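K.L.:
Got a structure here, written out as structure tokens. Questions coming.
Computed from the coordinates by the stated procedures, all read-outs in this text should not be read as laboratory data. It should be emphasised that the depicted structure is a prediction, and the values quoted were computed from it without experimental measurement. Cβ: placed from backbone, ideal geometry, glycine included. Neighbour counts: every protein chain shown.
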Amino acid sequence: MRRLIPSSLFGRLTLILVIGMLAAQFTSLWLHMEERAMLLAQGHAHVAGVPTRFWMHLGLTLAVVIGVALIAVRLVTRPIQRLAEAADAFGHDLESPPLEESGPTETRRAAEAFNRMQARIKRLIAERSRALAAVSHDLRTPLTRMRLRAELVDDEDLRAQIGADIDDMQAMVESTLDYLRGLRDNEAVQEIDIEALLQSMVADEQALERPVTLAAGTAAPFAGRLSVLRRALANLVDNAVKYGGAARIHVEDSADALRLTVEDSGPGIPEDALASVVEPYVRLETSRSRVTGGVGLGLAIARDAARLHGGELGLRNLPGGGLAATLTLPRREPKSRR
């Protein structure tokens, strides 16, 4: 039964109008046939059966009702479609223009409420960015003073221990600020040469004598945020080298999505932890310990970078051992607001 019911509001409203019209027409037919039966019982010579004019009338009425219903329902559902498109655009770009406040009273009120929500969210993001900038400066300054004072310690072992603690603190501060600040900056969307980006990243890694390779593959330019994608890929490559010994980058491009995969040859991740390991500050003790560095934000940053572009980060264990982390980035045509 559910398969017969349209999934869209447009289809459901049209179906209701058509069913209502058919019910009215067949009710009229039933009353007409009752009247004909009474006349026949009284001796009136009428031809029994459904008159041809009824079917002509039914067909004409059905065509008119369907035509009017399509126009009316489209006028009703178009504002809802615009609201959905605006919400989707705002989810990918904080600087997307506000929704046009026009149409019936209910539509205008919904558009006004959406625009107020959008303005409040943008204001909160701006305030958070200013707070992060202040916190970044306030935290770096005492760490720098502590590092300078540690140099005055005569005991070399103690000085080394203090320096290691300061390094850990600075790494945690930088990672946390990078996670909170980096994904909602005001960087504009631009056409990114994916092949050039990956080749430059691999060249930089190889210059540092890190085992990073790029498999042969082609990719068309992608509309996105360059620094966000670079940060996400750098985190995936760093994880692959740190916990898997090497990183292999693969590119798979199609008309609907761009897929960037970073593979390693490490121990992988337990199947029951694949979903939770991408959450902030989640580390696996066997392979994501403090000995190897990190605070559990690398995969979270990569996941949020994918979501910022409307995609997702997928993790899977390779059959021969190792982990594959795939950034799936959908290719979307820009939608105009009618």
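K.L.:
List, largest first, the extents of the alpha carbons of segment 190-330 along their principal axes, each in whole Å.
P.N.:
Ordered largest first, segment 190-330 gives principal extents of 39, 32, 28 Å.
K.L.:
Determine, for H309, H250, the number of other Cβ atoms within 10 Å of each Cβ, and report the residues in order from fewest to most.
P.N.:
With the fewest neighbours first, H309, H250 line up as H250, H309.
K.L.:
Test of understanding: extend the Cα→C-beta vector of A246 to 7 Å, then name every residue of segment 255-284 with backbone N under 19 Å from that spot.
P.N.:
Only 261-269 pass the distance filter.
K.L.:
Tell me, in nm to one decimal, what length is gained between V18 and A257 on full extension, where the rule is 0.36 nm per residue of separation less the Cα-Cα distance?
P.N.:
Taking V18 through A257 to full extension adds about 82.1 nm, to one decimal.
K.L.:
What ranking do E187, E100 get, fewest neighbouring Cβ atoms within 10 angstrom at the top?
P.N.:
Neighbour counts put them in this order, fewest first: E187, E100.
K.L.:
Within 10 Å of each residue's Cβ, count the other Cβ atoms and sort T213, T27 from fewest upward.
P.N.:
Ordered from fewest to most neighbouring Cβ atoms within 10 Å, T213, T27 come out as T27, T213.
K.L.:
State log₁₀ I(q)/I(0) for segment 123-182 at q = 0.17, 0.27, 0.30 Å⁻¹ as given by the Debye formula over alpha-carbon point scatterers of equal weight, solvent excluded.
P.N.:
For the requested q values the scattering log ratios are -0.62, -1.05, -1.17.
K.L.:
Turning to a different aspect of this structure: What trypsin sites (Lys or Arg not before Pro) in segment 67-140 are in a loop by DSSP, with at most 15 other Cβ atoms within 10 Å of the Cβ?
P.N.:
Counting only loop positions with at most 15 other Cβ atoms within 10 Å, none of the trypsin sites (Lys or Arg not before Pro) in segment 67-140 qualifies.
K.L.:
Using +1 at the C-beta of Lys and Arg and -1 at the C-beta of Asp and Glu, which of V135, I162, A150 has the Cα lying farthest in the positive direction of the dipole of segment 123-182?
P.N.:
V135
K.L.:
Quickly work out the Q206-to-L94 label distance, labels modelled 7 Å from Cα along the C-beta direction, and quote it in nm with one decimal.
P.N.:
Distance between the two pseudo-spin positions: 3.8 nm.
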